[in-house]
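K.L.:
Before I ask anything, let me first share the structure, which is written out below as structure tokens.
The values are calculated or read from the model by the stated rules, or taken from the named source; none is laboratory data. Since we're looking at a predicted model, the values are computed, not measured. With ideal geometry, Cβ positions are generated from the backbone for all residues, glycine too; neighbour counts draw on all protein chains shown.
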Ligand code: NDP
Ligand code: 8X3
């Protein structure tokens with residue numbers, strides 16, 4: 001039985017990936033902050049999961065939790081570094097500083113703590129895989145995206161650089177860069193304003209969290225010698241807006 005570590009399992013991509021991996025007979029170290037959701041997962045999946053309620057921004061908590069994993073969950077061969085968020089969709093100088101910090105601290109620093117704490121365990125496994133959740137926001141700037149776009153550009157470039165560090169190690173690194181997907185993402189971005197969040201998905205056939213889980217199961221099903229470096233996807237109803245000037 002293989003072991004995966006997934007961050008952000010209480011919702012969206014993380015939750016659907018957890019379900020898909022359990023179907024594939026993985027054991028899952030399941031990380032998120034909301035304890036009650038983790039308890040529900042534990043009720044459903046029993047000892048197939050090892051839930052850890054923590055905030056990835058808490059460096060000490062991350063390193064202590066990984067260090068103290070029970071022996072039967074230490075043999076990690078798959079890391080899905082997924083926890084992340086956007087806060088606000090405003091011009092940079094209108095964003096409040098706490099939201100800026102929360103995005104940087106979660107999407108970059110927390111993401112790095114998880115990767116740094118887990119990598120020594122991945123190195124001990126014969127064939128391991130790091131899957132990072134980036135975004136099209138790394139490649140396509142959009143109005144009000146500023147800090148979020150920047151954090152996901154970090155994930156994209158870090159993924160490539162990590163893969164370079166890991167040459168010769170048999171550890172794969174993949175950056176998944178989705179476009180518009182309906183999860184709790186927009187509710188978080190708009191701080192619980194469900195109406196505003198729902199408007200984001202009006203007149204679109206958005207990607208679902210289950211679709212991302214399918215992509216992950218596809219990526220991990222590939223032969224040992226193939227590394228998908230990056231996979232970018234959008235709903236068919238979404239395309240690029242192009243550049244903007246007053247005249248065109
Ligand atoms: P959701 O909001 O549905 O899920 C986010 C998950 O991350 C939750 O389980 C949340 O759990 C967890 N999380 C957030 N902050 C922290 C933290 N500080 N510590 C621990 N866990 C945390 O969003 P998605 O599933 O859509 O997003 C997953 C990833 O995919 C994110 O990195 C996002 O940026 C990226 N993405 C999303 C897209 C979309 O359109 N939905 C498109 C492209 C990329 P809890 O609150 O319980 O801690
Ligand atoms: C989330 C998708 O397009 O809102 O990363 O940035 S988008």
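K.L.:
Does the range 167-183 contain at least one residue that is assigned to a helix (DSSP H, G or I), within 12 Å of ligand 1 (Cβ to nearest atom) and surrounded by 18 or more Cβ atoms within 10 Å (Cβ to Cβ)?
P.N.:
For the range 167-183, residues assigned to a helix (DSSP H, G or I), within 12 Å of ligand 1 (Cβ to nearest atom) and surrounded by 18 or more Cβ atoms within 10 Å (Cβ to Cβ): absent.
K.L.:
Select from the range 184-199 the residues that are in contact (Cβ under 8 Å) with a residue 60 or more places away in the chain and more than 6 Å from ligand 1 (Cβ to nearest atom) and list them in ascending order.
P.N.:
189, 190, 191
K.L.:
Okay, moving on. Considering each of 131, 114, 108 in turn, give the residue that is within 20 Å of the chain's Cα centre (by Cα) and under 19 Å from residue 25 (Cβ atoms).
P.N.:
Testing whether each residue is within 20 Å of the chain's Cα centre (by Cα) and under 19 Å from residue 25 (Cβ atoms) leaves just 131.
K.L.:
Please work out which one of (1) within 21 Å of residue 219 (Cα to Cα); (2) surrounded by fewer than 17 Cβ atoms within 10 Å (Cβ to Cβ) is the condition residue 200 fails and give its number.
P.N.:
Unmet condition: (1).
K.L.:
Now for a different question. Quickly run through the range 145-159 and pick out the residues that are away from ligand 1 (no atom under 14 Å from the Cβ) and either under 16 Å from the mean Cα position of the chain (by Cα) or not in a helix (DSSP H, G or I) (or both). Before the answer, list the steps.
P.N.:
Going residue by residue through the range 145-159, those that are away from ligand 1 (no atom under 14 Å from the Cβ) are 146, 157.
Residue satisfying the conditions is 157 alone.
K.L.:
Within the range 69-87, which residues are under 22 Å from residue 36 (Cα atoms) and either part of a strand (DSSP E or B) or without any contact (Cβ under 8 Å) to a residue 24 or more places away in the chain (or both)? Don't jump to the end; show me each part of the working.
P.N.:
Restricting attention to the range 69-87, the residues satisfying the condition of being under 22 Å from residue 36 (Cα atoms) are 69-70, 73, 80-85.
Passing the criteria: 70, 80, 81.
K.L.:
Sticking with this structure for a sec: When you look at residue 116, is it at pLDDT 95 or above, under 15 Å from residue 158 (Cβ atoms) and either away from ligand 1 (no atom under 16 Å from the Cβ) or surrounded by fewer than 16 Cβ atoms within 10 Å (Cβ to Cβ) (or both), yes or no? Can you show your working first?
P.N.:
Numbers: at pLDDT 95 or above: yes; under 15 Å from residue 158 (Cβ atoms): yes; either away from ligand 1 (no atom under 16 Å from the Cβ) or surrounded by fewer than 16 Cβ atoms within 10 Å (Cβ to Cβ) (or both): yes.
Criteria met by residue 116.
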